[in-house]
Each structure stands twice: as structure tokens, then as C-alpha cells.
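Worksheet for the structure shown next.
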Amino acid sequence: MIPVVCVMEWILHSKHYSREVKMSVVVVVIGVGVCTVTDVKVNLKGFMCACLAILSTSLQQISIGSLQKKYSSGSFELLSKTAPIQALFLLILGPFVDYYLSGKLITNYKMSAGAVLCILLSCLLAVFCNVSQYLCIGRFSAVSFQVLGHMKTVCVLTLGWLLFDSELTFKNIMGMIIAVVGMVIYSWAVEAEKLSNAKTFPHAKNSLTEEEIRLLTAGTDKSPLKDVELGEARG
């Protein structure tokens, strides 16, 4: 999913990444692939659903960062505006998608106390997940969120081995090590990119991202020169 986010940001916002960032992303992807991919079986329905999920999730995460920067809105403010729309689409399309994938109607499912408890717990965890997503993307970027999110995969595999006696093979361990190394390299690459931008724009804040700096320079190049005395604009 990280490469898709990078490509979509390049297409939509003309965002470019340094060679170090690209290399670190490749290392993370390789590590996650080694520790999680075991047996690959592809069918048309699963392939279509996977592509749609990756594209829609990537676009949603990129839009979060773009909307926060465009309207200077906070994470909680944007979440309060977008959450009802997402919930409405889920209520409308969810039953049809579920029937397409499982062949069963949700109305035929017999609810129990345990099922209701699991649904409520899932909703509660989803709230915390969405809040952390909006906070992280608003402060950093969609790519950073994806890279940091793969730490969850490492934690799931490790906790599964510690708590539930899940099998942890040498391949899993090597994949986790490669993924963590890629995350460290990514952090270093992002900091190096910020230092490079700070040298180019010494009076800019250190918290400015590459996208914000690009917008500032574009606005400076395209804005007309104003004559204060005559009150006229000279192009």
C-alpha cells in the first residue's frame, strides 16, 4: 500500500521523494512482505476487492492531509465533518458488499450478547484508530502513517507468539527485523529531507513539509507585484 500512496501523491499533488525515502520504503515493504506473506492464492473477486480497498484507502488518507492543510482545520474538526459521511456510505453500501463477498444477508444473522459486545468493542477501537490516523496524517503525511502503521504488524506477530503461542518462524523474525530497519532508515531520511529544506528556506519553520514549501514557492512565482503607491498590479 505504501507504493500506491507514493504514486498517488505524485500524480495528485506532484510530490517528489528523495532517493533515501524511496529506498527506506522499499526496505519496509520487503520486510513486511517477508514476515506476513506465506501462501498466495489469487481469484478475480479477491483481486478486485483488494485493488479497490487499496486505492480507496490511499485516496482517503491523502485527502485527510490535503484537507487539513487546505482549510487549516484540526484533526478532530475534520474527523467530525467526515465521519458522518463515511458512516452513511457504510450503512448504505455495507450490506450489499457483504452479500457479494459472503453470499449471505446481514439480516439473516442471529444476534447474541457476545456478538453485540464484540461489535461495540470493535466500534470503540475504530474510534481510537480513526483519531490516531487523523492526528498522524495531519502532523506528518500519509506515507509516514503507513510506514509507522506497519509497526502494528510487528507487534501483532510478537504478541501472538508471546500470549497465544503462535508459531514464529525464522522467516517471520527476519522480515520483522528488515521492516524495523526500514522504519529507522525512513525516519532518518525524512529528517535529512527536512534539514535540506531548512537550508533552502532558512527563515521557514522547521515543521513545514515539502508540500507546504512547494505551495509557498508556487505562490511566490505566480503572484503579481503590487505597486503600493499607485495601487495597481504590475504582472
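The values are calculated or read from the model by the stated rules, or taken from the named source; none is laboratory data. On a predicted model such as this, the values are computed, not experimentally measured, just so you know. Please note that ligands, DNA and RNA were not included when accessible areas were found on the heavy atoms of the full protein model with its side chains. Shrake-Rupley method; radii C 1.70, N 1.55, O 1.52, S 1.80 Å.
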field: Per-selection metrics, the range 1-136 (Cα): Rg and Dmax in Å
entry: 18.2, 53
- prompt: Quick one: accessible area per residue over the range 1-134, 1.4 Å probe, rounded to a whole number of Å²?
  reply: 71
message: In 10 Å bins starting at zero, report the fraction of Cα pairs in the range 110-160 per bin as a rounded %.
response: 22, 34, 31, 12, 1
28 Å Cα-Cα threshold exceeded, pairs from 171/194; 69/194; 41/104; 15/41: 171/194; 15/41
- prompt: Quick one: length gained pulling residue 47 to residue 67 fully straight, 0.36 nm per residue minus the C-alpha distance?
  reply: 4.2 nm
query: If 9, 167, 20 are ordered by their accessible area, calculated over protein heavy atoms with a 1.4 Å probe, which sequence runs from highest to lowest?
result: 167, 20, 9
field: Alpha carbon convex hull of the range 1-79, projected area averaged over orientations, nm²
entry: 7.0
statement: Taking alpha-carbon centroids only, the range 100-151 lies from the range 70-84 a number of Å equal to 18
field: Normalised alpha carbon radius of gyration of the range 102-204 [divisor 2.2 N^0.38 Å]
entry: 1.58
message: Quick one: 3J(HN,Hα) in Hz for the range 58-69, Karplus 6.51/-1.76/1.60 with θ = phi - 60°, rounded, Gly and Pro as x.
response: 4, 5, 5, 5, 5, 5, 4, x, 5, 5, 5, 6
message: Could you report the accessible area of residue 177 in Å², rounded to 10, computed with a 1.4 Å probe on the protein chains as they sit in the structure?
response: 90
